[in-house]
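The values are calculated or read from the model by the stated rules, or taken from the named source; none is laboratory data. What you are looking at is a predicted structure, and each value in this text was computed from that prediction instead of being measured. Cβ atoms come from the backbone with ideal geometry, glycine included; neighbour counts cover every protein chain shown.
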Amino acid sequence: MNKTLLIKFSPYKIWALNLIILSAISWFSFMLVLINSTSMFIEWSINVKSGVSISASLIFDWVSLSFLGAVLMISSMILLYSEHYMKGDTNYLRFIYTMLLFVSSMCFLVISPNLISLLLGWDGLGLSSYLLVTYYQNFSSSNAGMITIMMNRVGDVGILLSLGLWFNEGSWNMTLSGSQPAELICLLLGLAAMTKSAQIPFSAWLPAAMAAPTPVSALVHSSTLVTAGVYLLVRFEPILLVNSMNSLLMISAVSTLFMAGVAANLEYDLKKIIALSTLSQLGLMMVILSMGLPELAFFHLLTHALFKSLLFMCAGEIIHMGGAAQDGRLLGASSRSSPSLMMVFVGSNAVLTGFPFLSGFYSKELMSETAFSQQSALTFSALMGLGAALTAGYSLRMVLLVSKNTSEFMFNPRKMDMSPLVVLSSGFLFFLSVCMGSILFWLIFYGSALMVLSSPQKFSVWAVMLVLIFSWSYLMSNGLNMISPVMTWFNSKMWFLGLITTKKMNKMSYYVGTASQQNMEQWMEIVGPQGLKEKFSLLSAQFSMGQHSSLISSYLMSAFIVIILLLAFI
C-alpha cells in the first residue's frame, strides 16, 4: 500500500500541488489588491552607513501578484507534464530541484523593488537556467549553455554597474525613488533587460537554448526567463525609459520583431520555430514599452506566457511521439496518431495569431489599435503590420508541417494520443489560453476610455494589409524566384547574429588582447627599467665625452659652484 501511494504521489505531483496552491493564493490576493486599489510594501532595514540605507524589501501589488500567480500556475502544469516527458530519467530529482530553484529565483525577482534583492533573483535565474540548458550534458548542450550564460552576463554587468552608480541616490529602492536617475543608469538597466529578453544584438542565445529539455523550454524560454527583461522595464518604466533609452529600445525591438518573424518562416526545426516566435513576441512587447504603454505590454506578457508554454508542451509531445525528431518535415503523421493533441496544438496557434475572442486577440488587437492611433511614421505602422502577418504566416506553416499526411517518418503505433498527465496539464493551460485574456482585459482595463480609430487611420491599416497581401501573393506566384538564395540564407541564419556574437567576437577579443599585450610589453620596455637604463647610459656617456673638453669642464664647475652658493644663501 505504501509503495502504491509512493508511486502515485511522485515528487512531480507533490511539488506541482504545492505550486498550484501558492498560485491560487497569489491570484486571490491579486483580486483583493486590484479591487481595493491598494498594495503592500514590506521593508527590513539591515544597516545604515555613510548615508545609504541597506535594506531588504518586498512589494505586493497587482503587477507582482498577477505575474507571480501566472509563473506558479504554469510551473505546476509543467512539472506534471515533466513526469510524463522525463519518464525513465535517472536524474529526475536533480531536474526537479533545479526547476524549483529557477521558480524561486523568478518569484524573488518579481517581488523585489530594489536593485540588491533584484540582483539576487537575477543571478539565480542565470545560474539555474545554465544548469537546465546543460542538463543533458552533451556537446550541443554545453555550447548552448555557454552562449546563454555569457550573453546574460553582459546584462548582469549592467546591473552591477548601475548598482554602484545608484549609490549616490542614498537608497537602492527604485520604487520609492523621488528623483530621475542618471541617463547612464537607465542605459545600463535597459541593456540588462535587452540581454535577458534576447533583443538584437543579443538574440542568438534563445534559439541555441533549445538544446534543453522541452519542459525547460516551456517554462524558462517562453514565460519566465525571457520575460524578466520586459518585467524589469514594466516595473520601473516611469524612471527608466528616458528619451535616449526609448529610441534605442524602439530600434532594437522593431529589428527583433522583423528578424525573428522572417527567420521563423524559413525554419524547419519545430522547437526553434516556437523559440523564434517567442523572440518576435518579445520584440512586440518592447515596441509597446518604448511607446510608453507598460500596462499593455504587461497584459500581453501574461497572455503570451499561457499560450506559449502550451505551444511548447504540444511541440514536445509531438517530438516525443516522433522518436525525438524535431524536423517538422518528418512529423507529418502526428495528426493521425494524436487527434486530440493536434486540436490543442492548432488552438494554441490560433491564440498566437490573435484569432478573435481568444486570449491573444485581446492583447494584440489593443496593441495594434494603439500603434496605429499613435502619431507615428508610416514605416513603423507598416513594420507592425508586417510583424502581425509574419506571425500568422509561421503559425499556419507550423500547423501544416505537423498535420500533412506525406511524412516519410512513421510514428510509433504504441504511442497513441496523449497520456493522462499531458491531457490534464495541456487541457488546463488550453482553457486558460482561451478564457484568461478576456478576464484579465476586464480586470486590468476596466473603465478605460474606448479607443476609436479615425477614418484615415482605418484606411491606413487596410492599405498596409493589402500591400502585404499582394506582395506575398506575387512572391508566391513567382515561386520566390525574386528572392536571392543569399538573402534567404541570411534571414534564415538570423542575420548571422549567432556567428557574429560568438566566434567573431571571440576572435576579435583574442586579436585585440594579443595586440594590447604586445603593445603593453613594448611600452613597458620603453618607459620601464630597461628604457630608463638606456636613457641614463646615454646621458652618462654624453657627460663623459664632455669632460674631455676643458671649456665644458669649466662651465660645469662654474654651474656647480653657483648652485651650491644659491642653496647656502636660501
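Name the residue, out of Ser338, Ser309, Ser334, that is buried (at least 24 other Cβ atoms within 10 Å of the Cβ) and at pLDDT below 85.
Details: Ser338 fails: buried (at least 24 other Cβ atoms within 10 Å of the Cβ); Ser309 fails: at pLDDT below 85.
After applying the criteria, what remains is Ser334.
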Report summary line: Out of (1) within 13 Å of Ser217 (Cα to Cα); (2) not in a helix (DSSP H, G or I), the one Gly292 does not meet is (1)
Report summary line: Within segment 179-226, residues outside any helix (DSSP H, G or I), polar (S, T, N, Q) and closer than 18 Å to Asn143 by Cα come out as Ser203
Report task. List the number of the failed condition for Ile116; all other conditions in (1) surrounded by fewer than 20 Cβ atoms within 10 Å (Cβ to Cβ); (2) under 16 Å from the mean Cα position of the chain (by Cα) hold. Result -> (2)
Report summary line: When Leu301 is run through (1) within 16 Å of Ser203 (Cα to Cα); (2) under 16 Å from the mean Cα position of the chain (by Cα); (3) not hydroxyl-bearing (Ser, Thr, Tyr), the failure sits at (1)
Requested in this report: May I ask you to list the residues in segment 71-116 that are under 19 Å from Ala193 (Cβ atoms) and either in contact (Cβ under 8 Å) with a residue 60 or more places away in the chain or in contact with a His (Cβ under 9 Å, 6 or more places away or on another chain) (or both)?
Outcome: Val71, Phe102, Met106, Leu109, Val110, Pro113, Asn114, Ile116
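Any residue in segment 116-138 that is closer than 21 Å to Phe41 by Cβ, of a type in the set (Ser, Thr, Tyr) and modelled with pLDDT under 85?
yes
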Query raised in the report: Picking from Leu366, Leu401, which residue would you name as being out of contact with any Lys or Arg (no Cβ under 7 Å at 6 or more places or on another chain), of a type outside the set (Phe, Trp, Tyr) and either on the phi < 0 side of the Ramachandran plot or at pLDDT 85 or above (or both)?
Result: Leu366
Report task. Give segment 1-38 a look and list any residue that's modelled with pLDDT of 85 or more and either assigned by TED's automatic domain parsing to the domain that holds Pro420 or not in a helix (DSSP H, G or I) (or both), or say none. Result -> Thr38
Query - Set Tyr97, Tyr130, Tyr135: member being hydroxyl-bearing (Ser, Thr, Tyr), buried (at least 16 other Cβ atoms within 10 Å of the Cβ) and assigned to a helix (DSSP H, G or I) - result: Tyr130
Report task. Tell me, please, whether a residue that is over 29 Å from Ile59 (Cα atoms), crowded, with 18+ Cβ neighbours inside 10 Å, in contact with a Pro (Cβ under 8 Å, 6 or more places away or on another chain) and modelled with pLDDT of 80 or more can be found in segment 189-200. Result -> no
Query raised in the report: List the pairs whose first member sits in segment 22-45 and is free of Cβ contacts under 8 Å to residues at least 60 places away in the same chain, whose second member is β-branched (Val, Ile, Thr), and whose Cβ atoms are under 7 Å apart, counting only residues at least 6 apart or on separate chains?
Result: Ser39/Val33; Ser39/Ile59
Query raised in the report: Being in contact with a strand residue (DSSP E or B) (Cβ under 6 Å, 6 or more places away or on another chain) and on the phi < 0 side of the Ramachandran plot, is that true of even one residue in segment 135-145?
Result: no
